[in-house]
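Chemist: There's a structure below that I have some questions on.
The values are calculated or read from the model by the stated rules, or taken from the named source; none is laboratory data. Here the structure is a predicted model, which means the values were calculated and not measured. Glycine gets a Cβ as well: all are built from the backbone with ideal geometry, and neighbour counts include every protein chain shown.
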Amino acid sequence: MEDVIIKVMIITSSPNKEGLTENCGEAAKNGVKDGNGESLMIRLNDKNILNCNACDHGWGTCLQENNCKMDDDFDDIHNAMGTVDAYIVITPVYWGDMSESAKAFFDRLRRCESSFDPDNINNIQNKPFICVAAAGGSGNGTLSCLSNMERLFLHLNKMNYKNITNFDYIGITQRNKSYMLKSIQDSAKKMILGE
Ligand SMILES: Cc1cc2nc3c(=O)[nH]c(=O)nc-3n(C[C@H](O)[C@H](O)[C@H](O)COP(=O)(O)O)c2cc1C
């Protein structure tokens, strides 16, 4: 029988192409490879993602049609999310929160996923995910950033705490990266292998 290849989307959201976020992305990619999976890398800062307009009185096509009517790269990434089996989201910690590019993307994603339709090809729910917050030397705000990421994924999973498919939440700083990068790699591998 043919082996099923697990596809993982790795989303990063830093302007720096050689920074800690990028290092984490590489570690995640290596972990996916270790588990014989396939990675799809998305660098949000290379994409054109506009801020949500909060159309009409607060909801636009996001509520009724599970898509966004703004014309940029959002829909392509959202559609691609439906074709993979798991996610690893890595953001630098800015002001104890996700970076602006992550917020712009995920603000819109949670809207488009707010009315769950199991037949929707964009369906991203009930798939495992790992959240990584990559901070500076102090690491201050790593926990609030991870907490906001948890909140985001709870919304994406319809606030259903029982079925939530979180696999890991990892905080990494400039100080602990010598050993935490390996943890990201191991976590990605473990998620793929379903251990
Ligand atoms: C606008 C801004 C805000 C930041 N806020 C925090 C913070 O709250 N806590 C922290 O530990 N580091 C903070 N940092 C440092 C970054 O999280 C750190 O440099 C991280 O490694 C950036 O990822 P990168 O190497 O991919 O750019 C901030 C950096 C910037 C540019």
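Chemist: Could you look through the stretch 166-175, keep only residues that are surrounded by 16 or more Cβ atoms within 10 Å (Cβ to Cβ) and more than 10 Å from the ligand (Cβ to nearest atom), and pick out the one that is modelled with the lowest pLDDT?
Modeler: Phe167
Chemist: Evaluate the following for Phe106: is it in contact with a Leu (Cβ under 6 Å, 6 or more places away or on another chain) and surrounded by 21 or more Cβ atoms within 10 Å (Cβ to Cβ)?
Modeler: yes
Chemist: Where in the stretch 41-156 are the helices (runs of 4 or more DSSP H), entirely inside, with at least 1 residues that are within 25 Å of Gly31 (Cβ to Cβ) and modelled with pLDDT under 90?
Modeler: It comes to 142-156.
Chemist: Write out, first by first residue and then by second, each pair whose Cβ atoms fall under 9 Å of each other, whose residues are 6+ apart or on separate chains, and whose first residue, in the stretch 132-147, is farther than 18 Å from Ile88 by Cα and within 6 Å of the ligand (Cβ to nearest atom) while the second is among the hydroxyl-bearing types (Ser, Thr, Tyr) and not in a loop (DSSP other than H, G, I, E, B).
Modeler: Going by the 9 Å Cβ cut-off, the qualifying pairs are Gly141/Tyr94.
Chemist: Could you identify the single residue in Asn66, Asn48, Asn23 that is within 16 Å of the ligand (Cβ to nearest atom), of a type outside the set (Phe, Trp, Tyr) and out of contact with any Pro (no Cβ under 7 Å at 6 or more places or on another chain)?
Modeler: Asn23
Chemist: When you check Asn163 against the structure, is it assigned to a loop (DSSP other than H, G, I, E, B), farther than 17 Å from Cys62 by Cβ and modelled with pLDDT of 95 or more, yes or no?
Modeler: It is false that Asn163 is assigned to a loop (DSSP other than H, G, I, E, B), farther than 17 Å from Cys62 by Cβ and modelled with pLDDT of 95 or more.
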